[in-house]
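Structure first, commentary second.
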Amino acid sequence: MARASAASAAWASSGETPAGIATSRPPGRCRALLDLLANKWSALAIGALEGGPQRFGELQRTLQGVSPKVLIQTLRRLEDFGILDRTIYPAVPLHVEYSLTPLGQSAAIPLNALCAWGTVVGPLFAVRGADAESD
């Protein structure tokens with residue numbers, strides 16, 4: 001374990017990834033992007049909208065467990081950043097659909113990669129969590 005930590009520290013301090021790709025970037029931009037996309041409900045909403053436009057109620061049922069208030073805040077924030085579009089159809093009752101913009105579709109790519117990675121390493125975290133509980 002110490003070897004991995006030392007290696008991580010070495011490349012992190014060099015400003016390069018193990019593949020030799022420079023990692024220097026404005027920290028504010030990266031942090032703002034992570035704050036937006038690494039939020040549980042943002043990431044799940046983007047994933048849910050990959051299948052196509054959905055109405056508010058559909059999204060809430062798909063995301064199971066999100067309160068209406070939090071979902072509204074999440075959708076507004078994603079709309080403000082250009083990740084999704086909100087389309088209002090003039091009907092009675094009002095019909096509103098949410099869909100991913102091209103930017104939102106591109107954001108889904110790294111989120112899907114993170115999901116795939118989590119599927120692979122998830123069992124490792126479960127084992128470590130069980131070890132911690134038995135101590």
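Some points to look at:
- Under-5 Å amide H pairs with Arg55, H placed in peptide plane, nonlocal only: Tyr98
- Between Arg29 and Ala116, the distance separating the two model label sites (each 7 Å from Cα on the Cα→Cβ line) works out to 2.5 nm.
- Counting only protein heavy atoms and using a 1.4 Å probe, the accessible area of Leu114 comes to about 100 Å².
- Size of region 70-115 as Cα extents on the principal axes (Å, biggest first): 40, 22, 18
The values are calculated or read from the model by the stated rules, or taken from the named source; none is laboratory data. None of these values were measured; they are calculated from a predicted model. No Cβ is skipped: glycine too gets one built from the backbone with ideal geometry, and neighbour counts run over all protein chains shown. Accessible surface areas use protein heavy atoms only, side chains included; no ligands, DNA or RNA. Shrake-Rupley method; radii C 1.70, N 1.55, O 1.52, S 1.80 Å.
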